[in-house]
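*Asks:* Have a look at this one.
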Amino acid sequence: MSTGTAEAVQFWLLGGLAVLGAIAMVCATKAVYSALFLAVTMIILAVFYIAQGAVFLGVVQVVVYTGAVMMLFLFVLMLVGVDSADSLTETLKGQRPAAIAAGIGFGLVVIGAIGNASVESGRPDFVGLDAANAGGNVEGLAELIFVRYLWAFELTGALLIIATVGAMILAHRERFTERQGQRELSEQRFRDGTHVTPMPSPGVYARHNAVDWPARLPDGSPSELSVNPMHRGHRDGEM
Amino acid sequence: MNPENYLYLSVLLFTIGAAGVLLRRNAIVVFMCIELMLNAANLAFVTFARMHGNLEGQVFAFFTMVVAAAEVVVGLAIIMTIFRARRSASVDDANLLKN
């Protein structure tokens, strides 16, 4: 069986884009770009599923992968820090060229295996899904999932619940000490006696009143205490 | 066009994903590469379903998606826990057992 011209054009256009997106995902310097390129590839795969008669899977691909999974990825990226760059130091010497060579070799072997299999079996005709999808794709899948694969389906339900509980346990943090409120912090300051008053505000008597600009003390020297630790060190040498 | 080309595309995507797992250091990007490999396997399943004219391949792709969703949830939680302990998402920095 051969596909129509429309599907061939679609395949060559979108297939090339999918491979480009995958390569760009591996090569992108920032993790956010990687996530976006992966989303492009996944949407193209959804188009391919629908083109191949898997309408339900195409919709699930968009909803689950590009919707939920990629959103989760971006969410964790925001939590972990978007600008966490890849370390370029090589822990294992010559690992990168070896990995590229192994990838090319693996691809050649599997592509050769598929080509060999289709040559040996005399290029079997694709049966096509017209007969199987006659009663509707969703109905056919439902019959398989809820009758023949019911046990596996119930196991996946258990798996999802276990995964949810596991993620909750991993994300849970036990607090070993009592939370330090305003009262406790104030009492702590008086007990130590080092800095009883509140910290000075940033930018007071300085040239600018930006939050990362230290306040000036009476003798004209900048007070590092006035700047939030997050912003400290950004203004070195230009006070 | 022979629909076998979908299988070749699937192999290409799987290979790129596998190479990405070996090449990249950022744990989140490594995880995305694993997702790409799972997607490539799904494309092969869908193509085989069309090749043999029954829906079993699509059922398997569906189960793969469920397992992938569970895996993403747990994996990202583990990455978050490692990041919280070591302030880094690089797989090279998780070398506590080395020395």
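*Asks:* Calculate the mean, over all residues of peptide A:59-66, of how many other protein chain Cβ atoms lie within 10 angstrom of the residue's Cβ. Display every interim value, and only then the final one.
*Replies:* Working: counts 0, 4, 6, 0, 1, 6, 8, 0.
Per residue, the number of nearby Cβ atoms from other chains is 3 on average.
*Asks:* For chain A, take N as its residue count and report Rg(C-alpha) divided by 2.2 N^0.38 Å.
*Replies:* Values: Rg = 29.4 Å, N = 239, 2.2 N^0.38 = 17.6 Å.
In units of the globular-protein estimate, chain A measures up at 1.67.
*Asks:* How high is the relative contact order of region A:99-239, in percent, counting Cα pairs under 8 Å that sit 6 or more residues apart? Provide the component values of the computation, followed by the final result.
*Replies:* Numbers: 73 pairs, mean separation 12.9, N = 141.
Over region A:99-239, the number comes to 9 percent.
*Asks:* Find how many whole Å separate the alpha carbon centroid of region A:145-196 from the alpha carbon centroid of region B:37-65.
*Replies:* Going from one Cα centre to the other spans 36 Å.
*Asks:* Give the average, rounded to an integer, of partner chain Cβ atoms located within 10 angstrom of each Cβ in B:39-46.
*Replies:* Mean number of neighbouring Cβ atoms from other chains: 6.
*Asks:* Once you average over the residues of A:171-184, how many Cβ atoms of partner chains fall within 10 Å of each Cβ?
*Replies:* Numbers: counts 5, 2, 2, 0, 0, 0, 0, 0, 0, 0, 0, 0, 0, 0.
Across A:171-184, the average partner-chain Cβ count within 10 Å equals 1.
*Asks:* For region B:1-89, what class follows from the C-alpha gyration tensor (a ≥ b ≥ c being the square roots of its eigenvalues): rounded when a/c is under 1.5, otherwise prolate if a/b is larger than b/c, else oblate?
*Replies:* Details: a/c = 6.60, a/b = 1.93, b/c = 3.42.
Cα axes put region B:1-89 in the oblate bin.
*Asks:* Given only helices, namely DSSP H runs of n ≥ 4 each adding -39500 (n - 2.57), what is the per-residue ellipticity at 222 nm of chain B, to the nearest 500 deg cm²/dmol?
*Replies:* Values: 3 runs with 76 residues, N = 99.
My calculation for chain B gives -27000 deg cm²/dmol from helical runs alone.
*Asks:* Taking θ as phi - 60°, what are the ³J(HN,Hα) couplings along region A:137-149 by the Karplus curve (6.51, -1.76, 1.60), each to the nearest whole Hz, with x for Gly and Pro?
*Replies:* Each residue of region A:137-149 in turn: 5, 5, 5, x, 5, 4, 4, 5, 5, 8, 10, 7, 9 Hz.
*Asks:* For a protection proxy built on the mean count of beta-carbon atoms within 10 angstrom, sort B:87-93, B:26-32 highest first, please.
*Replies:* Working: B:87-93: 17.4, B:26-32: 23.9.
Listed from highest to lowest mean packing, they are B:26-32, B:87-93.
*Asks:* Same structure, new question: Name the residue farthest towards the positive end of the dipole of region A:131-239 from the options A:Leu159, A:Thr177, A:Ala132, assuming +1 on Cβ of Lys and Arg, -1 on Cβ of Asp and Glu, about the Cα centre.
*Replies:* About the Cα centre, the residue reaching furthest to the positive side is A:Thr177.
*Asks:* Can you name the helices of chain A, as whole DSSP H runs, whose Cα span along the helix axis is 24 Å or more and whose Kyte-Doolittle mean is not below 0.0?
*Replies:* On the way: long enough: A:5-27 (33 Å, 1.68); A:31-51 (30 Å, 2.38); A:95-120 (36 Å, 1.10); A:150-171 (32 Å, 1.99).
Counting only whole DSSP H runs, the qualifying helices are A:5-27, A:31-51, A:95-120, A:150-171.
Values quoted throughout were computed directly from the atomic coordinates according to the rules given, and no laboratory measurement underlies them. A quick note: this is a predicted structure, and the numbers were derived from the prediction, not measured. For neighbour counting, all protein chains shown are included, and Cβ atoms are generated from backbone atoms with ideal geometry for every residue, glycine included.
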